[in-house]
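Notes to accompany the following structure.
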Amino acid sequence: MPEIEGYHLPDDLYYHPEHMWVRKEGDIVRVGLNDFSQKLAGELSFIELPETETEVSADQVIGSYETGKWMGKIYAPCEGRILEVNEDLEDEPELVNEDPYGKGWIFTMEPGDMSAIDNLIHGDSVADWIKSEAEKNKG
């Protein structure tokens with residue numbers, strides 16, 4: 001798993017500018033908070049999951065999370081329909097910190113247009129993006 005600026009960012013994933021990761025799984029995508037976001041926020045103490053079967057727009061705020069020092073938003077990476085949420089996070093929100101790309105996934109969705117995922121940050125552009133984000137958040 002590639003590490004950039006001390007953050008694990010798997011190179012097979014796509015990244016929304018608001019630090020959501022996206023994994024294509026056939027006709028659906030699985031989404032969660034990336035390592036940068038969960039480390040910056042600290043240990044999650046609460047998460048408000050999106051509603052299943054909800055139609056969402058790209059970049060729409062569809063949930064939130066809280067830590068001791070942070071209130072963050074959960075964004076839809078593209079237009080589509082929320083299929084499933086990770087209900088384990090209601091009792092164990094810290095799974096997002098412990099395993100952000102595995103047990104800490106947040107929701108799955110059916111994109112209205114799967115090609116929209118290709119417009120997210122991925123491949124060679126991830127390193128420059130996360131370096132810029134890390135620089136913005138220093139201090």
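Coordinate-derived values only; no laboratory data. Values in this document were obtained by computation on a predicted structure and should not be read as measured data. Backbone-built Cβ (ideal geometry, glycine too); neighbour counts: all protein chains shown.
Going from the residue with the fewest nearby Cβ atoms within 10 Å to the one with the most, E110, E53, E18 rank E53, E110, E18. For the stretch 65-139, the list of GluC sites (Glu not before Pro) that fall in a loop by DSSP and count at most 12 other C-beta atoms within 10 angstrom reads E87. Between the residues V126, I28, A58, the greatest Cα displacement towards the positive end of the dipole of the chain, with unit charges on the Cβ of Lys, Arg, Asp and Glu, is found for V126. Phi angles across the stretch 71-80 convert, under the Karplus curve 6.51 cos²θ - 1.76 cosθ + 1.60 with θ = phi - 60°, into 3J(HN,Hα) values of 10, x, 10, 9, 10, 7, x, 7, 6, x Hz, Gly and Pro given as x.
Within the stretch 55-135, which trypsin sites (Lys or Arg not before Pro) sit in a loop by DSSP and count at most 10 neighbouring Cβ atoms inside 10 Å? Those satisfying the criteria are K69.
Going by Cα centres, the stretch 68-83 and the stretch 4-40 are how many Å apart? Taking the Cα centre of the stretch 4-40 as reference, the centre of the stretch 68-83 is 12 Å away.
Calculated on C-alpha atoms, the gyration radius of the stretch 3-122 divided by its Kirkwood radius gives an Rg/Rh of 0.93.
How high is the relative contact order of the chain? Use alpha-carbon pairs under 8 Å, at least six apart in sequence, and give a whole percent. Computed value for the chain: 27 percent relative contact order. The calculated FRET efficiency for the pair M114 and E87, based on their C-beta separation and a Förster distance of 35 Å, comes to about 0.85.
Charged side chains reduced to their Cβ positions (Lys and Arg at +1, Asp and Glu at -1) give the chain a dipole of some 520 debye around its Cα centre. Here the Karplus relation 6.51 cos²θ - 1.76 cosθ + 1.60, evaluated at θ = phi - 60°, turns the backbone of the stretch 39-44 into coupling constants of 6, 5, 6, x, 5, 5 Hz, with x for every Gly and Pro.
In order along the stretch 97-112, phi translates into HN-Hα couplings of 6, 6, 8, x, 9, x, 5, x, 4, 9, 7, 10, 8, 9, x, x Hz, rounded to whole numbers, per the Karplus curve 6.51 cos²θ - 1.76 cosθ + 1.60 with θ = phi - 60° and x for Gly and Pro.
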